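Values quoted throughout were computed directly from the atomic coordinates according to the rules given, and no laboratory measurement underlies them. Keep in mind that what you see is a predicted model, and the values were worked out from it rather than measured. In this analysis, Cβ positions are derived from the backbone assuming ideal geometry, glycine residues included, and neighbour counts consider all displayed protein chains.
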Number of protein chains: 2
Amino acid sequence: MQSPKITIVEVGPRDGLQMESPVPTHIKVSLINQIARSGIRKIEATSFVHPKVIPQMRDASEVMSLINRVPGTCYVGLVPNLRGTQDAIKSRVDAVKVVICVTESSNQKNIKMSKAESIRQSEDIFKLADQSGVSAEAVASVAFGCPYEGNVTDAAVINLVESFVTIGYREISIADTIGVANPASVRHISSILRKQFPQAHFSLHFHNTRGLGLANVLAGMDVGIDQFDTSIGGLGGCPIVKGGTGNVATEDLVNMLDEMEVPCGVSLDSILEAARMAQNALDHPLSSYVLTSGSPASLYRSNLISGAENLPEQT
Amino acid sequence: MQSPKITIVEVGPRDGLQMESPVPTHIKVSLINQIARSGIRKIEATSFVHPKVIPQMRDASEVMSLINRVPGTCYVGLVPNLRGTQDAIKSRVDAVKVVICVTESSNQKNIKMSKAESIRQSEDIFKLADQSGVSAEAVASVAFGCPYEGNVTDAAVINLVESFVTIGYREISIADTIGVANPASVRHISSILRKQFPQAHFSLHFHNTRGLGLANVLAGMDVGIDQFDTSIGGLGGCPIVKGGTGNVATEDLVNMLDEMEVPCGVSLDSILEAARMAQNALDHPLSSYVLTSGSPASLYRSNLISGAENLPEQT
């Protein structure tokens, strides 16, 4: 297999499952193990939040202790504060991840503190992780639009990223939390960020709310972005806007990259198996295309034809 | 409004409705009128096929006689043969459209004749249309992959387009009938065709089977394609492969273009109204994103927030 040109960060076990009815721990563990088997090398495995806030993630430490650690794979835990960071480090995560919103209103409403407080806290988290030999990553949330403030300025995104970089963060995800990014805005802000912060490694995080997920990934690739957050089965949603849908489905992106002959190091069959496991566990259809249609290659292999004789003039 | 840079060809009333239970004539007429009101200037209105083959289109002439002709709008009728062409011309279509498959197997199975016969017939159709002062357009079907032969060669696509151009066709749609195109294959073949046939005006026609519809449109735009076939509500499907889904939804493309500030001359609100009318008439949910989510602007206007207080750390 060629060395990967695109890195896929699987966020389903955290960003996805926190939106669903609680899933038994052993199923989470199986899912994460299957994801690692598919070749994915960075997995947002769980979140070390208070169980009263997100009961779906109350077994964070247990999940981390039960998974099979695949060498070379980075298991990431989301952390809301220093207490969560301590728990995450005790649970031997490979990286902790903090989230700060680009806009003050979203940060106040969703993170329950001012941006300034969040940034100060993310500095303490970075130091604690660093002292413990654990990586620290950051997310700039609502970076393409805010449900409370509407459009987001370039300056607001740049300022938050600047804060992250100054603290020492190098892995930074730019998140379209409410699904309003478009290929033009993706190319625009990604180009600015890559130019202005060459020391940082960016990931783009898209929700497919308006069907633009893969078009936005393509736009990011066009300007040199090589890392994307996705979730098996398109798991997840957005609790802060009505009609918000899940992330881009991992298997849909793997299929796109396979078809474009861009190596990503992930086996489509294996990741489809993970998506099927999630669908079975959750017992409702997931918003993934390739889980339904299969890849073009599988279509040609099975040559599934029905009704072809009855409908001429098919365009 | 700026002059359109992208032309959207609405194919829902034909490619879409031929896949559904028959819709009453007056509803088809209302749909086509609403589509024209939205600003769309080319509409695949119906198909002049034998009613035994596609009963959904048995009212083709009636539909054409009842619609309000908006000046400057091209109402297109699909034609399978000379007889259909005569009917279409009698019904005062502005253009007839023929379909030929790029592969011999698909043409034999779906069009019921050899490619050579289809091409000969398309010459007769072109002449008859031309003598009657009616435009003639062509579709190269299964141009990105064939359910019977798998991958399609560049040469096969080029040869069919060459035949069309030699006969006199200038408006040519390149159709991904079974939803297997990807951004790389779209850029590749579109670049070749534009370079090799500068006298032709191409449209790309994508089914969203693997979620790549809008990414493929973006890829086409990148190499200068300025015309795309879409259907309201993502209507349509593909009868010749299992799991085949509808065309790219017109409103999803209009939203993408609006957000990218690329003028297409179509009112998103009006075309959403057409999609809603279709959804009500068909009484099942259509596969359109923006019909569910609304545009980002409408989200910001209504500021639809639910549950924001309960889920911190949302990426």
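For this structure, a couple of remarks:
- With the biggest extent put first, the Cα atoms of chain B measure 66, 42, 40 Å across the principal axes.
- Relative compactness, region A:222-292, computed as alpha-carbon Rg over 2.2 N^0.38 Å: 1.16
- Expressed to the nearest 5 percent, the antiparallel share of DSSP beta bridges inside chain A is 5 percent.
- Exposure proxy ranking, count of Cβ atoms within 10 Å, fewest first, for B:LYS52, B:LYS28, B:LYS5: B:LYS52, B:LYS5, B:LYS28
- Size descriptors for the protein assembly as shown: radius of gyration and Dmax over Cα atoms are 25.4, 83 Å.
- 3J(HN,Hα) along region B:81-89, derived from phi through the Karplus expression 6.51 cos²θ - 1.76 cosθ + 1.60 where θ = phi - 60°, amounts to 6, 5, 4, x, 5, 4, 4, 4, 5 Hz, with x in place of Gly and Pro.
- A:HIS207 sits among other residues whose Cβ lies under 11 Å from its own Cβ, and their net charge, with Lys and Arg +1 and Asp and Glu -1, is -2.
- Cα gyration tensor of region A:192-231 - equivalent ellipsoid semi-axes, whole Å, descending: 20, 10, 8
- Between A:GLN34, A:ILE67, A:PRO198, the Cα set farthest toward the positive side of the dipole of chain A (charges on each charged residue's Cβ, about the Cα centre) is that of A:ILE67.
- Derived scalar couplings between HN and Hα for region A:192-201 equal 4, 5, 5, 6, 7, 10, x, 7, 9, 10 Hz in order, rounded to whole Hz, by the Karplus curve 6.51 cos²θ - 1.76 cosθ + 1.60 (θ = phi - 60°), x for Gly and Pro.
- Projected over all directions and averaged, the alpha-carbon convex hull of region B:158-214 occupies 3.8 nm².
- Taking a Cβ cut-off of under 13 Å around A:ASP59, the surrounding Lys, Arg, Asp and Glu residues balance to a net charge of +1, with basic ones at +1 and acidic ones at -1.
- Angle between chain B longest axis and helix B:115-131 axis [Cα atoms, degrees, rounded to 10]: 90 degrees
- Charged-residue dipole, Cβ positions (Lys, Arg, Asp, Glu), chain B about Cα centre, Debye nearest 20: 800 debye
- With respect to chain A, whose longest principal axis is taken over its alpha-carbon atoms, helix A:213-222 is tilted by about 70°.
- Between 0 and 90°, nearest 10: helix A:154-167 axis offset from chain A longest Cα axis: 60 degrees
- When +1 charges are put on Lys and Arg Cβ atoms and -1 charges on Asp and Glu Cβ atoms, the dipole computed for the protein assembly as shown relative to its Cα centre reaches about 160 debye.
- For B:THR7, A:THR177, B:THR103, A:THR245, order by how many other beta-carbon atoms lie within 10 Å, fewest first: B:THR7, A:THR245, B:THR103, A:THR177
- Note that region B:46-53 has calculated 3J(HN,Hα) couplings of 6, 9, 9, 9, 5, x, 5, 7 Hz, one per residue in order, obtained from phi through the Karplus relation 6.51 cos²θ - 1.76 cosθ + 1.60 (θ = phi - 60°); glycine and proline are x.
- Sorting B:LEU204, B:LEU128, A:LEU212 by the number of Cβ atoms found within 10 Å of their own Cβ, with the fewest placed first, yields B:LEU128, B:LEU204, A:LEU212.
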